[in-house]
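For reference, the structure is listed below as structure tokens.
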Amino acid sequence: MAQKNAYVVLDTETSIRDGLVFDFGWTTITAKGEILGECSLNFLDVLCVEKPYYHNKIARYARDQRKGAHKVTTFAVGRRLFNLHISHLKSAGYRVILCAYNAGFDCRVLSSTSRRLIGLDFLRSKVELLDIWGNWAMSAPKKYSAPATASGKFMSTSAENVYRFEMNMPEFVEAHTAFADTKIEAKILLKTIGRKKRMKIVKSPKDFDSRIWLKFPTKTQSEVVQ
């Protein structure tokens, strides 16, 4: 019997000065969309010393925490909870694949935050890695369209714009909070899996391929301005 995949879709939000992770969330799914686990964490030890990006959303975090939607804890506890989740999945016989929309970035900031705050590697065991954006790009529909990037040379493939296209929701606005963003990123992943193209799964962040931007040319900058 083939081993089932558990896709742990994670996302981070970081601080302005040193890029420390203060908001961390994950949604774990099967290839059929069954939810195997989810969590949303804010790290008080980071928020006490660092100003986050999207700091205007701190009031929203506080409101959601009162509703029980977020847990306030320390980075060390968050690391332990995440690694326990991975251990439980492995014990249940799943092949664990960590996924993120911009996986290279999330791997880097989780590692650097862990090293700085507690002097330990973020992960306790080896796992496989999947970059959602890269795999989506390799199977993206030819009819994909989105606003141009700032350079005017490419169509934007941000999670927000890809989700708008894939779900036919042109007015959708991304929350830019970690747990909420894992929900849309998990749906983008499911769309990608559903195309039944070979997925690129790697052992190390250095194996992520960023050259696929060339798949999404658009008008020249002068044409966009006009």
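The values are calculated or read from the model by the stated rules, or taken from the named source; none is laboratory data. The model shown is predicted, which means the values in this text are computed figures rather than measured ones. Backbone-built Cβ (ideal geometry, glycine too); neighbour counts: all protein chains shown.
A quick yes/no check of all residues on (1) at pLDDT below 95; (2) more than 20 Å from the chain's Cα centre (by Cα):
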site	(1), (2)
Ala31	no, no
Leu47	yes, yes
Glu50	yes, yes
Tyr53	yes, no
Gln65	yes, yes
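Just to be sure I understand the filter: pairs with C-beta atoms under 7 Å, separated by 6 or more residues or on different chains, first member in the stretch 78-98 and more than 22 Å from Ile118 (Cβ to Cβ) and in a loop (DSSP other than H, G, I, E, B), second member modelled with pLDDT of 95 or more and small (Gly, Ala, Ser). Which pairs pass?
Pairs that qualify, where the first residue is more than 22 Å from Ile118 (Cβ to Cβ) and in a loop (DSSP other than H, G, I, E, B) and the partner is modelled with pLDDT of 95 or more and small (Gly, Ala, Ser), are Tyr94/Ala6.
Scan (1) at pLDDT 95 or above; (2) closer than 19 Å to Asp181 by Cβ for the single condition Ala69 breaks and write down its number.
Status for Ala69: all satisfied but (1).
Phe165: touching a strand residue (DSSP E or B) at 6+ places or on another chain (Cβ under 8 Å) and aromatic (Phe, Trp, Tyr), yes or no?
no
What's the number of the only condition in (1) surrounded by 16 or more Cβ atoms within 10 Å (Cβ to Cβ); (2) under 30 Å from Lys71 (Cβ atoms); (3) in contact with a Phe, Trp or Tyr (Cβ under 6 Å, 6 or more places away or on another chain) that Leu130 fails to meet?
Among (1) surrounded by 16 or more Cβ atoms within 10 Å (Cβ to Cβ); (2) under 30 Å from Lys71 (Cβ atoms); (3) in contact with a Phe, Trp or Tyr (Cβ under 6 Å, 6 or more places away or on another chain), the lone unmet condition for Leu130 is (3).
Would you confirm, using the coordinates I've provided, whether Ala146 is more than 21 Å from Lys183 (Cβ to Cβ) and among the aliphatic types (A, V, I, L, M)?
no
So how many residues does the stretch 29-52 have that are farther than 15 Å from Ile184 by Cα, touching a Ser or Thr at 6+ places or on another chain (Cβ under 8 Å) and not in a loop (DSSP other than H, G, I, E, B)?
9
Kindly indicate the residue of the stretch 179-226 that is among the acidic types (Asp, Glu) and at pLDDT 85 or above and also nearest to Glu128 (Cα to Cα) among those meeting that condition.
Per the criteria, the residue is Glu185.
Output yes when any residue across the stretch 81-92 is under 20 Å from Thr177 (Cα atoms), at pLDDT 95 or above and out of contact with any Leu (no Cβ under 6 Å at 6 or more places or on another chain), and no when none is.
Scanning the stretch 81-92, I find at least one residue that is under 20 Å from Thr177 (Cα atoms), at pLDDT 95 or above and out of contact with any Leu (no Cβ under 6 Å at 6 or more places or on another chain), so the answer is yes.
Filter the stretch 107-158 for residues that are in contact with a helix residue (DSSP H, G or I) (Cβ under 9 Å, 6 or more places away or on another chain) and among the acidic types (Asp, Glu); which is nearest to Lys187 (Cα to Cα)?
So the residue we want is Asp131.
Pairs needed: first member in the stretch 177-204, free of Cβ contacts under 8 Å to residues at least 40 places away in the same chain and within 24 Å of Asn42 (Cβ to Cβ); second member anywhere, among the small types (Gly, Ala, Ser) and in a helix (DSSP H, G or I); C-beta distance under 8 Å; at least 6 residues apart or different chains.
Ile184/Ala159
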